[in-house]
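Student: Let me give you the structure first, and then I'll get to my questions.
The values are calculated or read from the model by the stated rules, or taken from the named source; none is laboratory data. Predicted model, so just to flag it, every value in this text is computed and none were measured. As a convention, Cβ positions derive from the backbone with ideal geometry for all residues, glycine included, and neighbour counts pool all protein chains shown. Note: areas computed on protein heavy atoms with side chains; ligands, DNA, RNA excluded. Shrake-Rupley method; radii C 1.70, N 1.55, O 1.52, S 1.80 Å.
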Amino acid sequence: MGSSVSEGGRSSSYPLLKGQKALVTGANSGIGRATAIGLGRMGADVVVNYVSGGEAAQDVVRQIEDLRVRSYAHEADVSQEDQVVEMVSRMVDELGTIDILVANAGLQRDAAAIDMTTSQWQKVLDVNLTGQFLCAREAAKEFLRRGVVPEVSKSAGKIICMSSVHQMIPWAGHVNYAASKGGVMMMMETLAQELAPHKIRVNAVAPGAIRTPINRSAWDSPESEAGLLRFIPYNRVGDPEDIATAVAALASDLFDYVVGATLYVDGGMTLFPGFATGG
Ligand code: NAD
């Protein structure tokens, strides 16, 4: 790529996503926020979805508009079908279409399995898995309606699912979250298989430990950060921009032949670091 998405405050000299329309869910915080700004820096117009925290969403919109691309904030709960349908429909009305969906919104409701309530279980599955499915379904309908526009992109549309290393690493105390991300993996691969013949690319990014509000207690003191680093061979906690870069790359035509893949962006967390000393 001609320009990193983590450069501050100016448009890319080589806008890989110029003229494309992107929707990022959960884009007023953490990874979604960095991704929305990163896609804007690559030349895309960006819809900033949020479910609460309208001020933070407007701040992201302002930063994207400073990059001389279009942006607006849209409040919607991704687990509510009618709200997702309305969000994508408004995007088609206002921006003309959608080229890139980043299904990022997610949350945790942690508890030991024997203490986990049905509501904790269901909430995480509703947002992390059903929410991604609803957004993917609505985006895919528009991709199919519009088809490939060669001057915009080689494909008819790109869906990037935000998964986690916990799509493959079991996680005690987080059975709802791990199950949701395992589900995201198989949903992503199945959608990729089903939609690839229509020139739609579906892929996932699986972050390791990234410094965001979702996991603040894991990194906000030197002791907890040291504990986390034991699992990260590359020996640093990730930043949201590490994920934004990966998403932008996957969404671009540079990755046109990448279909149904999970890109782990985790500093080596999935390399079983416990075995580095012989197991
Ligand atoms: P975050 O809490 O900063 O951001 C999550 C975003 O999702 C927030 O904007 C939140 O408001 C939004 N959201 C929650 N419920 C929603 C709903 N019903 N509708 C719309 N938006 C909703 O956390 P983050 O770390 O930036 O998480 C983003 C994604 O990355 C999540 O899917 C998470 O599982 C994944 N992830 C994060 C890490 C990490 O280490 N931070 C690691 C692996 C995967």
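Student: Go over the candidates Ile200, Ile169 one by one and state the one that is under 23 Å from Val92 (Cα atoms) and of a type in the set (A, V, I, L, M, F, W, C).
Tutor: Unique residue meeting the criteria: Ile200.
Student: Name the single residue that is surrounded by the fewest Cβ atoms within 10 Å (Cβ to Cβ) among those in region 238-273 being among the aliphatic types (A, V, I, L, M) and more than 15 Å from the ligand (Cβ to nearest atom).
Tutor: Looking at the filtered set, the residue picked out is Leu254.
Student: Going by the conditions given, is Arg201 basic (Lys, Arg) and in contact with a strand residue (DSSP E or B) (Cβ under 8 Å, 6 or more places away or on another chain)?
Tutor: Yes; evaluated as a whole, the condition is true for this residue.
Student: Consider Asp220 against the criteria (1) modelled with pLDDT under 95; (2) part of a helix (DSSP H, G or I); (3) acidic (Asp, Glu): it satisfies all of them except one. Which criterion is unmet?
Tutor: Looking at each condition in turn, Asp220 falls short on (2).
Student: To continue, here is another question. Provide a single number: the residues in region 189-237 that are at positive phi and surrounded by 15 or more Cβ atoms within 10 Å (Cβ to Cβ).
Tutor: Residues meeting the conditions: 1.
Student: Next up: For the structure I just gave you, tell me whether Ser71 is modelled with pLDDT of 95 or more, among the hydroxyl-bearing types (Ser, Thr, Tyr), within 16 Å of the chain's Cα centre (by Cα) and under 18 Å from Ala139 (Cβ atoms).
Tutor: When the stated conditions are applied, Ser71 does not pass them.
Student: Quick test of your reading of the structure: Val149 fulfils all but one of (1) open to solvent by 10 Å² or more (accessible area, probe 1.4 Å); (2) in contact with a helix residue (DSSP H, G or I) (Cβ under 9 Å, 6 or more places away or on another chain); (3) aliphatic (A, V, I, L, M). Name the failing condition by number.
Tutor: Going through the list (1) open to solvent by 10 Å² or more (accessible area, probe 1.4 Å); (2) in contact with a helix residue (DSSP H, G or I) (Cβ under 9 Å, 6 or more places away or on another chain); (3) aliphatic (A, V, I, L, M), Val149 breaks only (2).
Student: Can you confirm whether Met186 is open to solvent by 30 Å² or more (accessible area, probe 1.4 Å) and either out of contact with any His (no Cβ under 7 Å at 6 or more places or on another chain) or near the ligand (Cβ under 10 Å from one of its atoms) (or both)?
Tutor: yes
Student: Something else: When you look at Arg62, is it more than 16 Å from Leu95 (Cβ to Cβ), touching a residue at least 24 places away in the same chain (Cβ under 8 Å), open to solvent by 10 Å² or more (accessible area, probe 1.4 Å) and more than 8 Å from the ligand (Cβ to nearest atom), yes or no?
Tutor: No.
Student: What number of residues within region 27-59 are part of a loop (DSSP other than H, G, I, E, B) and open to solvent by less than 20 Å² (accessible area, probe 1.4 Å)?
Tutor: 4
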